[in-house]
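Visitor: Take a look at the following structure, please.
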């Protein structure tokens, strides 16, 4: 291999990838796929050569557990929200009695 650039271009061509594929794009794709598959942050970060903090900051929203706790809070609520539309459309008692 005389040139990394030439070798990568040939690998892209042989793999049938789009011409614009770059190591940078492939790294983003690999990180996104690892998060979508629910791979442990520590393991995925080691595989990608970045810190778990950076992986979570940039790609964490792709993880299946992203915002589970926040979403679960709605399932377990004890109060029933009032509809703002209904409360605005509903006449007040004082106005109805007048």
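Visitor: How would the stretch 1-52 be classified by its alpha-carbon gyration tensor: rounded, prolate or oblate, with rounded meaning a/c under 1.5 and the a/b versus b/c comparison settling the rest? Don't skip to the answer; put the middle values down first.
Guide: Working: a/c = 3.38, a/b = 2.01, b/c = 1.68.
Prolate is the answer for the stretch 1-52, as a/c is 1.5 or above and a/b outweighs b/c.
Visitor: Now a separate question. Based only on other Cβ atoms within 10 Å, what is the fewest-to-most ordering of 74, 66? Each step should come with its number before you reach the end.
Guide: Numbers: 74 8, 66 14.
Fewest-to-most Cβ neighbours within 10 Å comes out as 74, 66.
Visitor: Starting with the fewest neighbours, write out 35, 54 ranked by other beta-carbon atoms found within 10 Å of each beta-carbon. Provide the component values of the computation, followed by the final result.
Guide: Working: 35 22, 54 13.
Taking fewest neighbouring Cβ atoms as first place, the list is 54, 35.
Visitor: Now a separate question. Under a crude label model (7 Å from the Cα following the beta-carbon direction), how far is residue 17 from residue 40 in nanometres?
Guide: Placing both labels 7 Å beyond Cα along the Cβ direction yields 2.8 nm.
Visitor: Moving to a separate point now. Using 0.36 nm times the number of residues separating residue 3 and residue 33, minus their current alpha carbon distance, what extension gain do you get? Please list the in-between numbers first.
Guide: Values: separation 30, 0.36 × 30 = 10.80 nm, distance 2.86 nm.
Between residue 3 and residue 33, full extension yields an extra 7.9 nm.
Visitor: So, one more: Where does each of 13-25, 36-48 land if you order them by average Cβ count within 10 Å, highest first?
Guide: On the way: 13-25: 9.8, 36-48: 14.1.
Put in order of decreasing packing, that is 36-48, 13-25.
Bear in mind that the values in this text are calculations on the coordinates, not laboratory data. Remember, predicted model here, so these are calculated numbers, not experimental data. Please note: Cβ atoms are built from the backbone with ideal geometry, for glycine as well, and neighbour counts cover all protein chains shown.
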